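Just so it is clear, none of the values below were taken in a lab; they were calculated from the coordinates. Since this is a predicted model, take the numbers as computed values, not measurements. All Cβ positions, glycine included, derive from the backbone under ideal geometry; neighbour counts span all protein chains shown.
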Amino acid sequence: NAGVTQTPKFQVLKTGQSMTLQCAQDMNHNSMYWYRQDPGMGLRLIYYSASEGTTDKGEVPNGYNVSRLNKREFSLRLESAAPSQTSVYFCASTGPTGTDTQYFGPGTRLTVL
Amino acid sequence: GEDVEQSLFLSVREGDSSVINCTYTDSSSTYLYWYKQEPGAGLQLLTYIFSNMDMKQDQRLTVLLNKKDKHLSLRIADTQTGDSAIYFCAERISGGYNKLIFGAGTRLAVHP
């Protein structure tokens with residue numbers, strides 16, 4: 001049981017390049033989330049997926065797109081990267097446990113030059 | 001609006017108790033959480049408390065909730081160097097999806 005996995009761990013992009021961050025969970029969770037973490041700030045929600053086949057915007061969705069490929073996988077795409085998207089990105093998932101605990105992946109550190 | 005505030009830094013001596021404080025604004029919070037983040041790692045759930053509880057104890061961790069003042073604290077007894085990390089307070093907002101609002105995190109430094 002690996003929990004929540006993310007790839008890649010590190011990535012450097014040039015302004016205008018595109019890339020997809022991958023996330024997968026093996027806990028049979030319905031809900032999945034993408035956050036970004038910036039210095040001195042808490043985590044901010046980019047997009048979430050309440051269940052397979054649905055996605056919705058969070059607090060800071062501009063410049064990002066997501067795909068809930070199946071129940072396990074939830075990807076985040078940057079179509080045209082900007083320096084303001086330099087951040088650490090975390091994926092999380094939640095199961096119907098009653099406590100609504102979110103379980104986090106190890107993160108992807110992205111630098112946009 | 002929804003906001004969670006924490007002090008940014010705490011330094012304690014090894015063996016002492018640490019108390020990390022958090023205030024939140026949304027009175028409809030159902031659960032409140034403490035997460036720990038070690039360098040280069042993701043967030044790990046430490047403990048949580050349901051909003052109708054005042055206190056929860058889990059080994060060296062004690063969570064106190066003052067719902068009237070919207071104040072949450074995490075006490076770590078006998079703090080060890082392995083406790084050095086960033087601690088995030090988060091509140092779950094009721095209604096809609098499982099929305100968590102995070103504080104900016106408190107960096108705990110444990111020195112000999």
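Protection proxy ranking, highest mean first, for peptides B:57-64, A:24-31: A:24-31, B:57-64, where packing is the per-residue count of other beta-carbon atoms within 10 Å, averaged.
Candidate cross-link partners of residue A:9 among the lysines, defined by an alpha-carbon separation under 30 Å and a same-chain spacing of 8 or more, comprise A:57, A:71, B:36, B:99. Annotation for the stretch A:7-75: trypsin sites (Lys or Arg not before Pro) lying in DSSP loop with at most 11 further Cβ atoms inside 10 Å of their Cβ are A:9, A:14. Of A:43, A:21, the sequence from fewest to most neighbouring Cβ atoms within 10 angstrom is A:21, A:43.
Between the residues B:20, B:90, B:79, the greatest Cα displacement towards the positive end of the dipole of chain B, with unit charges on the Cβ of Lys, Arg, Asp and Glu, is found for B:90. Taken about its Cα centre, the stretch B:1-96 carries a charge dipole of about 200 debye when Lys and Arg each add +1 at the Cβ and Asp and Glu each add -1 at the Cβ. Taking the Cα centre of the protein assembly as shown as reference, the dipole from Cβ charges on Lys and Arg (+1) and Asp and Glu (-1) amounts to some 360 debye.
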